[in-house]
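Worksheet: one structure, shown below.
The values are calculated or read from the model by the stated rules, or taken from the named source; none is laboratory data. Computed from a prediction, not measured in an experiment: that's the story for all the values here. Positions of Cβ are backbone-derived with ideal geometry, glycine not excepted, and every protein chain shown enters the neighbour counts.
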Amino acid sequence: MDGRPSAAMLPRRDATVLAALVDQVIALDVPGRRVVLCPEWTATSVRDQLGGRVNEVVACRTVREELDVVAKSAAEGTGEVMVLDGGIVAHNEALAKLLLDPRVGTGLLVGERANGPGVRTLDDIVWSAESRVHTVTEPNADGLGVLRVGLTDTATLAEVARGVSAIGRVPDTADGLVELLTVGLVRSGVRMSAVPVRPYILHRPRTELEVGAALVDLSEIDEERLRLASAARPGDGFYSTVVVRRISKHVTRLALRYNLKPNVITLISVAVAFGAAGMFLLGNRVGLVLGAILLQAALVLDCVDGEVARYNRTFSPVGAWLDGITDRIKEYVVYAALAAGASRAGNTIWLLAAATLALQTFRHAADFGFAVRQAERRAEHHVDPVELPINRRDDASDVFVGVGSTGLRSTGGGSTGGGSTGRSHARGSNHGATAAATGTAAADSSGVALGRSAVNLSESTSRHPALVWLKRVIVFPIGERWLVISVVAALFDPRTVFIVLLSWGGFAALYTIAGRVLRSLAHV
């Protein structure tokens with residue numbers, strides 16, 4: 001922890017801001033040794049306040065000494081490294097979102113852009129950051145002084161801390177540790193997750209009055225109730241958010257009370273969905289109505305298992321795989337049951353059922369394939385010297401300039417255009433090759449421009465809540481699909497169910513594929 005005197009030593013009720021933060025870390029049971037780095041002149045006071053609650057208090061005259069301590073600890077340690085600004089006033093769950101979530105490797109807690117140290121994020125990744133000696137172009141969030149470095153990145157952390165310490169511009173004061181490490185890690189190509197603090201509250205006060213105001217903000221929110229509400233998966237579809245989640249949260253409370261495990265709830269959801277399929281097999285009106293009701297119950301339980309996992313932070317690769325594969329099994333079994341029930345009633349619709357199954361399988365494969373490629377792209381390392389005041393990616397990532405009439409991307413060198421007025425007598429073969437290269441580059445540039453225009457349009461529409469919900473409905477997520485199956489089956493017949501699924505699903509497939517092609521053209 002960076003025991004910043006201007007904030008960490010401010011009084012907070014019966015203790016100081018720093019002492020209260022240490023107590024929060026202990027209460028959260030964050031594993032590992034607890035070490036406080038503080039200026040020399042506050043070391044005695046810090047030791048008296050914290051007593052045996054920390055393993056060590058290290059007096060540092062400058063941030064360089066803090067960096068050296070971090071470098072030594074990272075090089076010698078065998079676990080993760082967490083670095084916190086000692087002047088934080090926050091909800092327990094605000095810290096736990098980063099420090100205890102097993103899905104996060106290396107990450108930074110971020111909040112809405114205000115007056116703090118700015119960061120630029122893209123797809124929930126910290127792309128660039130600022131410190132007292134580094135700047136960032138167009139920051140869209142604030143770093144909140146809580147950094148977690150995963151086990152696989154601790155060796156890089158040691159190198160980064162030593163490298164930043166050697167920068168001549170680093171100030172001779174014992175503050176800014178988190179920001180300097182963040183810049184160094186990002187510049188070294190480490191994939192750093194941007195973990196949003198919302199819906200919780202975190203303040204970095206600078207005066208005693210601001211500490212009091214921060215405590216008032218924290219007390220006005222029921223943290224436990226907010227924790228349950230925030231267990232819902234972000235980015236759900238309209239129906240799941242507006243209807244299903246409002247029901248599932250009550251079931252989640254019961255599941256938490258009886259300590260049901262997420263995987264157990266997943267299997268119960270599978271059993272209920274198979275019960276719905278059994279009802280659809282009857283092929284009569286009673287069976288279709290009962291099947292529709294059971295299918296909605298299975299959808300609610302499908303939300304509950306994720307909510308329990310997020311509430312308890314009990315994530316595992318097996319659980320994620322089980323949740324994903326059982327969703328596919330449940331949906332496909334229902335397709336088969338609807339077709340078999342229709343056949344019992346004298347209507348053969350197996351071709352429609354097979355076409356719906358093929359379409360949905362294609363959509364899932366496309367979704368997973370695009371997600372894998374996005375993950376690969378995000379994992380690509382981009383290294384930039386930490387000595388530079390600005391990250392070169394900030395200036396170069398979106399810069400396109402016109403060279404002649406080709407509109408090629410600037411590479412920092414001379415002209416890259418196809419034609420040259422000083423070489424009008426070039427040999428025909430070279431001229432043809434140059435013209436071909438120019439045409440290819442122009443086509444590439446046109447594709448990039450088209451893709452970026454589409455991405456900009458998408459981002460602009462995402463600023464309007466009504467359009468955001470409309471886009472989520474268009475892509476036909478699982479909530480909307482199961483709603484269509486239930487409602488149409490209960491009111492009409494299986495043939496109509498498959499016609500609606502094919503029509504809406506086909507349009508959704510065209511919409512999503514077009515968007516991904518355009519994003520790929522834009523290199524986003």
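One table, with the values for the structure above:
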| item | result |
| --- | --- |
| Meets criteria (over 29 Å from D101 (Cα atoms), charged (D, E, K, R) and assigned by TED's automatic domain parsing to the domain that holds V70) for R162 | no |
| Members of region 184-220 found to be over 26 Å from V149 (Cα atoms), among the β-branched types (V, I, T) and either in contact with a strand residue (DSSP E or B) (Cβ under 9 Å, 6 or more places away or on another chain) or surrounded by 14 or more Cβ atoms within 10 Å (Cβ to Cβ) (or both), listed by number | V211 |
| Pair list, Cβ < 8 Å and 6+ apart or interchain, from region 342-353 residues that are at negative phi to residues that are part of a loop (DSSP other than H, G, I, E, B) and among the small types (G, A, S) | A342/G283; S343/G283; R344/G283; A345/G283 |
| Which numbered condition L228 misses (of (1) in contact with a strand residue (DSSP E or B) (Cβ under 9 Å, 6 or more places away or on another chain); (2) modelled with pLDDT under 90) | (1) |
| Residue ID - surrounded by the most Cβ atoms within 10 Å (Cβ to Cβ), chosen from residues in region 494-507 that are in contact (Cβ under 8 Å) with a residue 40 or more places away in the chain and touching a Lys or Arg at 6+ places or on another chain (Cβ under 9 Å) | L501 |
| Output for region 458-493, where each listed residue is surrounded by fewer than 17 Cβ atoms within 10 Å (Cβ to Cβ), in a helix (DSSP H, G or I) and of a type in the set (F, W, Y) | W469 |
| Considering residues of region 203-240 that are among the charged types (D, E, K, R) and over 30 Å from P11 (Cβ atoms) only, the residue nearest to the chain's Cα centre (by Cα) | R233 |
| Of the criteria (1) out of contact with any helix residue (DSSP H, G or I) (no Cβ under 7 Å at 6 or more places or on another chain); (2) not in a helix (DSSP H, G or I), which one R233 fails | (1) |
| Selection from region 111-161 of residues that are under 20 Å from A71 (Cα atoms) and of a type in the set (K, R) | R132, R148 |
| Number of the exception - R132 against (1) among the charged types (D, E, K, R); (2) modelled with pLDDT of 90 or more; (3) under 24 Å from P39 (Cα atoms) | (2) |
| Which numbered condition A271 misses (of (1) surrounded by fewer than 18 Cβ atoms within 10 Å (Cβ to Cβ); (2) in the same structural domain as L483 (by TED's automatic domain parsing); (3) not in a helix (DSSP H, G or I)) | (3) |
| Residues (acidic (D, E) and part of a loop (DSSP other than H, G, I, E, B)) located in region 10-36 | D14, D29 |
| Region 103-148, subset more than 18 Å from D85 (Cα to Cα) and touching a Leu at 6+ places or on another chain (Cβ under 7 Å), residue surrounded by the fewest Cβ atoms within 10 Å (Cβ to Cβ) | V104 |
| Residue within region 246-264 that is in contact with a Lys or Arg (Cβ under 8 Å, 6 or more places away or on another chain) and either surrounded by fewer than 18 Cβ atoms within 10 Å (Cβ to Cβ) or among the hydrophobic types (A, V, I, L, M, F, W, C) (or both) present | no |
| Whichever residue in region 302-319 is in a helix (DSSP H, G or I) and hydrophobic (A, V, I, L, M, F, W, C) and, among such residues, is nearest to I478 (Cα to Cα) | C303 |
| Positions within region 212-254 being over 12 Å from G479 (Cα atoms) and among the acidic types (D, E), in sequence order | D217, E220, D222, E223, E224 |
| Unique match (being within 21 Å of V211 (Cβ to Cβ), out of contact with any His (no Cβ under 9 Å at 6 or more places or on another chain) and of a type in the set (D, E, K, R)) among R13, R34, R47 | R13 |
| Residue within region 37-60 that is more than 30 Å from G168 (Cα to Cα) and in a strand (DSSP E or B) present | no |
| Which listed residue, of L299, L294, L322, L288, is in a helix (DSSP H, G or I) and at pLDDT below 95 | L322 |
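Conditions (1) in contact with a helix residue (DSSP H, G or I) (Cβ under 6 Å, 6 or more places away or on another chain); (2) closer than 19 Å to R227 by Cα; (3) touching a residue at least 24 places away in the same chain (Cβ under 8 Å), marked per residue:
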position	(1), (2), (3)
S269	yes, no, yes
N284	no, no, yes
G291	yes, no, yes
Q296	yes, no, yes
E307	yes, yes, yes
I325	no, no, no
E331	no, no, yes
